[in-house]
Amino acid sequence: MKLLVAIMTCHRLDYYIDDCTQDYATQKGWRWMDQQARVNTIRATWLKELPVDYKFFYGTRLRNQKPNQRIPDKHTLRAPERDEVFLDCGDSYTSNPEKMKAICAWALAHGYDYILRCDDDTFIYPDRLLATNFIQFDYVGAGTDPNTFHPGGCMFLSKRAMELIVKGHPTTYADDVWIGQLLRDHGIKLTNEPTMHNRWGDGYVVVPENLPIGTLSSFHSCKPEVMKYLYDHRGEHGND
């Protein structure tokens, strides 16, 4: 079994949807907007403990910005680092379904049987997460209702699920919602992994002292200082 940890990120964090639709988490101030700090903190923490392959995935087709908001097009982007892949897809928030299709296509082309798709504000304990029974299922994430979807953060997808995603046609800008709908339409329901922490509302931002850290394997959404705390205190909490 060959597993890839696919960390989905972007060149510039931009949660703009349209003038009529606003991202709720951004409005609430829950999102940490320094993209490079997110990536650097992952490299400095849980990636050090990861025993399997990983890549950071970016898009190369950047959004046309509003007036006076200019960023380079794909012809002037920096070169990727050795652990980065620049995909021929959109790089904005609303391009996430297209980016997920491209990530799955890349993983399949490189012989992976599973991916663990992570957002760049997710912290994981690799030893705990990789010890779960994800290999028995096609679609594993945080969610107790098998007829719903995994809400971002991190999720396992099998080769079968990836093939369906590559062939699928996105129906919404929310890649997690679309993936849940697509897989359910093909008879694949979400399998809950209870050690994954992924909440909405007041529980969206990870506050370590409010959680049983010793029993959890992944955490979303984390600010860099929270990732550092979780990493520095790994192994200290036992079964909280």
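Summary of computed values
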read-out: Carbon/sulfur fraction of accessible area - the chain, other protein chains in place, 1.4 Å, %; value: 48 percent
read-out: Those Cys residues of the chain for which no other cysteine Cβ falls under 4.7 Å; value: CYS10, CYS20, CYS89, CYS104, CYS222
read-out: The chain - mean residue ellipticity at 222 nm from DSSP helices (-39,500 (n - 2.57) per run, n ≥ 4, rounded to 500); value: -7000 deg cm²/dmol
read-out: P(r) of region 116-240 over all Cα-Cα pairs, binned every 10 Å from zero, in whole percent; value: 13, 44, 30, 11, 1
read-out: Cut-off under 5 Å, modelled amide H: who pairs with THR60 long-range; value: LEU87, CYS89
read-out: Accessible-area value, GLU84, 1.4 Å probe, nucleic acids and ligands omitted, Å²; value: 20 Å²
read-out: By average C-beta atoms within 10 angstrom, highest first, the peptides 194-204, 157-167, 140-150; value: 157-167, 140-150, 194-204
read-out: For region 131-145, Karplus couplings with θ = phi - 60° (6.51, -1.76, 1.60), whole Hz, Gly/Pro x; value: 8, 6, 9, 4, 5, 7, 9, 8, 8, 10, x, 8, x, 8, 9
read-out: Per-residue HN-Hα couplings for region 153-166 [Karplus 6.51, -1.76, 1.60; θ = phi - 60°; Hz; x = Gly/Pro]; value: x, 8, 8, 8, 10, 7, 4, 4, 5, 4, 4, 5, 5, 4
read-out: The chain - accessible surface per residue (Å², probe 1.4 Å); value: 48 Å²
read-out: Relative contact order (percent, whole number), region 134-240, Cα cutoff 8 Å, 6+ residue spacing; value: 27 percent
read-out: Long-range lysine pairs (8 or more apart or interchain), the chain, Cα under 16 Å; value: 12
read-out: Normalised contact order of the chain, rounded percent, pairs of Cα under 8 Å and 6 or more residues apart; value: 22 percent
read-out: Principal axis dimensions, region 128-191 - Cα atoms, whole angstrom, descending; value: 33, 20, 18
read-out: Sorted peptide list for 85-97, 47-59, criterion being average Cβ within 10 angstrom, highest first; value: 85-97, 47-59
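The values are calculated or read from the model by the stated rules, or taken from the named source; none is laboratory data. A quick note: this is a predicted structure, and the numbers were derived from the prediction, not measured. Please note: Cβ atoms are built from the backbone with ideal geometry, for glycine as well, and neighbour counts cover all protein chains shown. The protein model used for the area step is the full one, side chains on, heavy atoms only, and it has no ligands, DNA or RNA in it. Shrake-Rupley method; radii C 1.70, N 1.55, O 1.52, S 1.80 Å.
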